[in-house]
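This report refers to the structure that appears directly beneath it.
The values are calculated or read from the model by the stated rules, or taken from the named source; none is laboratory data. Fair warning: this is a prediction, and the values are worked out from it, not measured in the lab. Cβ: placed from backbone, ideal geometry, glycine included. Neighbour counts: every protein chain shown.
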Amino acid sequence: MLSRTADHLFWMARYIERAENTARMLDANLQAVMLPQSTESIAGSWRALLGISELEPQYLASNAEFTPAAILEFMVWDEGNSSSIVSCLRAARENARAVRGTLTAEVWETLNATWLELRSRPGTSLRDRRPAELFEWVRFRSHQSRGVMFGTMLKDEAFHFARIGTFIERADNTARILDVKFFEHATANAAGVQGLDETHDDRLQREFYHWAAVLRSLSAFEIYRKVYKDIVTPARVAELLMLRADMPRSLLASMNEVALNLEAVRKDSAMETERRAGLLRTELHYGRIDDILVQGLHAYLSGFLARVNDLAERISRDYLVPLTPHAV
């Protein structure tokens, strides 16, 4: 396969996944800020969303304050932000259009229809809907796009490069959400409840809703209940979202898919890239959450993100267009 074709497929899938991940993060934050907390804590929670995606400097270039309305506008509709939902869905569609002959008609029609519906303004526009409804629509269209790809495409190199893009992006996003949400949890506990009086029962209730929001942002709440059948604890949340191969959005599940699909497009000059993907997968497979927590979750996740980004760069160099303008 031509490297440029593989590049378009890889980034098409990454942008679809990124749009969904952004919708998930924003939706989870809308739920979390409804918990009892101070104004400063709520503002910090919204600001943390920009930190997850490393977008704070770009946001501050055009906004003086961290307000929910401005952050939502920036993360959803700002076409100058390459990671906004509208920019991601546009980029996914443009990458698909560039390799339209490689995709099935159903895949192209699904991506094109998603973009046209987002941009259309007949009667009630998507922009006028309640945010939660818009985020649900984005998730649904992302699921539909992946389902059509899985159900209609030949399992050849085109399919494998799209899968690699999907799961590189998913691993990166899950690690970022976990890192920020554990930091928020530690900060809130260190300060009581940000200046508010709080009983032991209040704290347990607050922690439950905090972690429930994190789990729901990754479609993991029902899975958590099924696996652990007990109270929601930070250590088990981390274990589920990092080390469970049967949890679809976990780090291990994502790296399993990356490694498996790299094997399917194997070439001699990229063996080091494949080795690094396999090593990262193996460490997660045999890892124990207690050891990771002793090491420090932030340190572990920071290292993981650095290695995933290095892996993405190596994949780009070995298989795709080396100097890509897509990476953010």
| query | From W137, W108, which residue is surrounded by 18 or more Cβ atoms within 10 Å (Cβ to Cβ) and assigned to a helix (DSSP H, G or I)? | reply | W108
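Yes/no per residue for (1) out of contact with any strand residue (DSSP E or B) (no Cβ under 8 Å at 6 or more places or on another chain); (2) part of a helix (DSSP H, G or I); (3) within 18 Å of E263 (Cβ to Cβ); (4) modelled with pLDDT of 95 or more:
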residue	(1), (2), (3), (4)
G278	yes, yes, yes, yes
R281	yes, yes, yes, yes
L284	yes, yes, yes, yes
D290	yes, yes, no, yes
F304	yes, yes, no, yes
D310	yes, yes, no, yes
I315	yes, yes, yes, yes
T324	yes, no, no, no
V328	yes, no, no, no
| Among (1) part of a helix (DSSP H, G or I); (2) without any contact (Cβ under 8 Å) to a residue 40 or more places away in the chain, where does M75 come up short? | (2)
| note | Of the conditions (1) within 22 Å of L9 (Cβ to Cβ); (2) assigned to a helix (DSSP H, G or I), the single one that E222 does not satisfy is (1)
| request: Could you please let me know if R170 is at pLDDT 90 or above, crowded, with 23+ Cβ neighbours inside 10 Å and charged (D, E, K, R)? | output: yes
| task | Could you tell me whether any residue of the stretch 245-265 is assigned to a helix (DSSP H, G or I), modelled with pLDDT under 95 and either of a type outside the set (V, I, T) or closer than 21 Å to R317 by Cβ (or both)? | result | no
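Looking at R314, R276, R249, R307, which is the one that is under 21 Å from A162 (Cα atoms) and more than 21 Å from the chain's Cα centre (by Cα)? If you could, list the steps in order and put the result at the bottom.
Values: R314 fails: more than 21 Å from the chain's Cα centre (by Cα); R249 fails: more than 21 Å from the chain's Cα centre (by Cα); R307 fails: more than 21 Å from the chain's Cα centre (by Cα).
That would be R276, the only listed residue that is under 21 Å from A162 (Cα atoms) and more than 21 Å from the chain's Cα centre (by Cα).
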| request: May I ask you to say which residue of V107, V99 is of a type in the set (A, V, I, L, M) and within 22 Å of the chain's Cα centre (by Cα)? | output: V107
